[in-house]
Amino acid sequence: MSDHQVTRYAALSDAELVGRCRDGVAEAWNELVERYSRYVYAIAVRGFRMSDDDAEDVFQDVFTRIYTRLDSLRDDSALRPWIAQLTRRRCLDALASKGREIPADDVLTDEGTADLTDVEEALTVREAMSGLPEACQDILDRFFTQDQSYKTIADELDIPSGTIASRIARCLKRLRNELEAGG
């Protein structure tokens, strides 16, 4: 698969991606899993305090269900809430099957809800970043995700370190515009 194909599928909206998945395009399915894998895992681990092994089981089951039930999704643009609902149900089922009692107050406490809100926000930012030029994606990823210093970024990209701050600022402005355009 070429980098162009990967980029093309990463830039699709959820509704477009669902359409390609329904058409049987393997690269679209790979993008769907890539786009939502951390989200599903975070709901299980952070929202339901599941162990890594249990979260992996939920992950496998959720993506199997998405694959087999994608035709039942009524609104293709509602993919994220649908995946969240499938994941929450599967987490509750998994906890119940292990005999772990789940008091109503325990599931998605304020802290768990805040964690899920953080996950939602991170996913929204990630989607918005996919609309930025590759150079902006790279520099923002290096600075915020990889926690690289201006000097490290400058050395690796072979540009003056004084230029890094202005590039980050320009890219953040573009990201803000993407986020505002996306609602």
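Rule-based calculations on the coordinates, nothing more; no lab input. What you see is a predicted model; the values in this text were computed from it and never measured.
One Cα centroid belongs to region 28-88, the other to region 120-138; the line between them spans 20 Å. Here region 119-183 is treated as a Stokes sphere of Kirkwood radius computed over C-alpha pairs; at 37 °C and 0.692 mPa s its diffusion coefficient rounds to 271 µm²/s. In a fully extended conformation the segment linking Ala78 and Ala15 would gain 21.9 nm over its present Cα-Cα distance, using 0.36 nm per residue.
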